[in-house]
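Here's the structure, in structure tokens; my notes come after.
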Amino acid sequence: MIGAAAEEATTTAVARPPRRAAPLSVSGVLIQVVLVVAALMAVTPFLYMLTTSLKTYASVINNVIWPWQPLGTEAPQIGNFWEAITTVGWDSQWGVYLFFRYLANSIIMTGCIVVGSLVTSTLAAYALGRMELPGKQVLFVLVLVTMMMPEDVTLVPKLVMMFNFRWYNTYLALIVPSLVSVFSIFLLRQFFMQIPKDLFEAAMLDGMGHLRFLLSIVVPLSKPALLTVGLLNFIWAWDAFKWPLLVTRDSSMRVLSVGLQQFMQGQGTQTHLLMAFAAMVIVPVLILYFVAQKQFREGILNAGLKG
């Protein structure tokens, strides 16, 4: 009987004509061309950064596109990366190069912001998406309005608050104002609203409350969205420049992005060292994205299915 079924399946497979690929239309070709051009435009700055970080200063100022052997006369300047670290300066208080102090500050600030934003966004998104609260829709609209306000509008009031709280030039000034992300709340709320209400009703019958339902059921089901929120907040915090520059004074409190200005001196910008420093700053973001890109795409796509 199994042999007859296999023979029938083989006959069907042989009789079925091969599926032909659909011919590309003019619009399809144009879309692919536009996508390729857009991808090249997005990658070009990164390629310029990497290639410039391996050049000598003379090759940079003379606009030599490819100075390396065998087409050129130079070898890749790997030493630019260590020279960029030493050029930033020495921290006599901690006995290390300032680069490593900047790195430690960036890790502390970014880690606290990611964890804090995940906690606040998860709680707020669950309350706005799953709980029956009076005036919930009005409150949600007010939350969205804050996302539409330009950052520069609130920059000065927040800076004055840091002085009044005596937080200036401390980790509190770097971390606390970024612990709440309105976009993260919106993204998680959209994801939480897709979870069937039957799960909540069954949980209530088992004696669960909102907090236990959130931790036991909602959070495990929302790992792609939570990972997306964590990745986005990591990128925003790691790349932050304006706010860390305004609320810190001492070199020991600076972060990596602020350290880039050390290469802009009066006699001219040391472009090759600047690009080497920037390449080292961006490496953690690239590694984290490539590791979590599948969950990142899934979280972004699923969060937009229900409005």
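The values are calculated or read from the model by the stated rules, or taken from the named source; none is laboratory data. Computed from a predicted model, the values in this text were never measured in an experiment. Here Cβ is always computed from backbone atoms with ideal geometry, including for glycine, and neighbour counts include all displayed protein chains.
Do you know which residues across the range 91-100 are surrounded by 14 or more Cβ atoms within 10 Å (Cβ to Cβ) and not in a helix (DSSP H, G or I)?
Once the filter is applied, which keeps residues that are surrounded by 14 or more Cβ atoms within 10 Å (Cβ to Cβ) and not in a helix (DSSP H, G or I), the range 91-100 yields 91, 97.
Mind counting the residues in the range 63-88 that are surrounded by fewer than 15 Cβ atoms within 10 Å (Cβ to Cβ) and without any contact (Cβ under 8 Å) to a residue 24 or more places away in the chain?
13
Residues 159, 118, 174: which one is farther than 24 Å from residue 288 by Cβ and either over 18 Å from the mean Cα position of the chain (by Cα) or crowded, with 17+ Cβ neighbours inside 10 Å (or both)?
Within the list 159, 118, 174, the selection yields 159.
Which numbered condition in (1) surrounded by 10 or more Cβ atoms within 10 Å (Cβ to Cβ); (2) at pLDDT 90 or above is the only one that residue 29 fails?
For residue 29, the failing item is (2).
Residue-by-condition table, conditions (1) closer than 30 Å to residue 63 by Cα; (2) of a type in the set (A, V, I, L, M); (3) at pLDDT 90 or above:
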{"position": "210", "(1), (2), (3)": "no, no, no"}
{"position": "225", "(1), (2), (3)": "no, yes, no"}
{"position": "263", "(1), (2), (3)": "yes, no, no"}
{"position": "273", "(1), (2), (3)": "yes, yes, yes"}
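Quick one: residue 219 ticks every box in (1) farther than 15 Å from residue 187 by Cβ; (2) modelled with pLDDT of 90 or more; (3) among the hydrophobic types (A, V, I, L, M, F, W, C); (4) surrounded by fewer than 17 Cβ atoms within 10 Å (Cβ to Cβ) except a single one, so which number is it?
Every condition holds for residue 219 apart from (1).
Identify the residue in the range 70-90 that is among the aliphatic types (A, V, I, L, M) and in contact with a strand residue (DSSP E or B) (Cβ under 8 Å, 6 or more places away or on another chain) and, among all such residues, is farthest from residue 279 (Cα to Cα).
Looking at residues that are among the aliphatic types (A, V, I, L, M) and in contact with a strand residue (DSSP E or B) (Cβ under 8 Å, 6 or more places away or on another chain), I get 75.
When you check residue 47 against the structure, is it surrounded by 14 or more Cβ atoms within 10 Å (Cβ to Cβ) and either touching a Phe, Trp or Tyr at 6+ places or on another chain (Cβ under 9 Å) or in a helix (DSSP H, G or I) (or both), yes or no?
Against the criterion (surrounded by 14 or more Cβ atoms within 10 Å (Cβ to Cβ) and either touching a Phe, Trp or Tyr at 6+ places or on another chain (Cβ under 9 Å) or in a helix (DSSP H, G or I) (or both)), residue 47 does not qualify.
Name the residues in the range 101-115 that are without any contact (Cβ under 8 Å) to a residue 12 or more places away in the chain and either crowded, with 21+ Cβ neighbours inside 10 Å or hydrophobic (A, V, I, L, M, F, W, C) (or both), would you?
104, 107, 115
Listed here are the residues, each with its yes/no results for (1) over 23 Å from the mean Cα position of the chain (by Cα); (2) in a helix (DSSP H, G or I).
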| residue | (1), (2) |
| --- | --- |
| 77 | yes, no |
| 83 | yes, yes |
| 86 | yes, yes |
| 103 | no, yes |
| 108 | no, yes |
| 112 | no, yes |
| 127 | yes, yes |
| 133 | yes, no |
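For the condition at pLDDT below 65, assigned to a helix (DSSP H, G or I) and either at negative phi or among the hydroxyl-bearing types (Ser, Thr, Tyr) (or both), what is the one hit in 52, 12?
After ruling out the rest, the residue left standing is 12.
Which fully enclosed helices (runs of 4 or more DSSP H) of the range 135-198 have 2 or more residues being farther than 25 Å from residue 248 by Cβ and either modelled with pLDDT under 95 or of a type outside the set (Asp, Glu) (or both)?
Correct list: 136-148, 182-192.
Enumerate the pairs (first residue in the range 188-204 and touching a residue at least 60 places away in the same chain (Cβ under 8 Å); second residue anywhere and among the aromatic types (Phe, Trp, Tyr) and in a helix (DSSP H, G or I)) with beta-carbon separation below 9 Å, excluding pairs fewer than 6 apart on the same chain, so at least 6 apart or on different chains.
If the second residue must be among the aromatic types (Phe, Trp, Tyr) and in a helix (DSSP H, G or I), the pairs left are 188/126; 189/126; 189/140; 192/126; 200/213.
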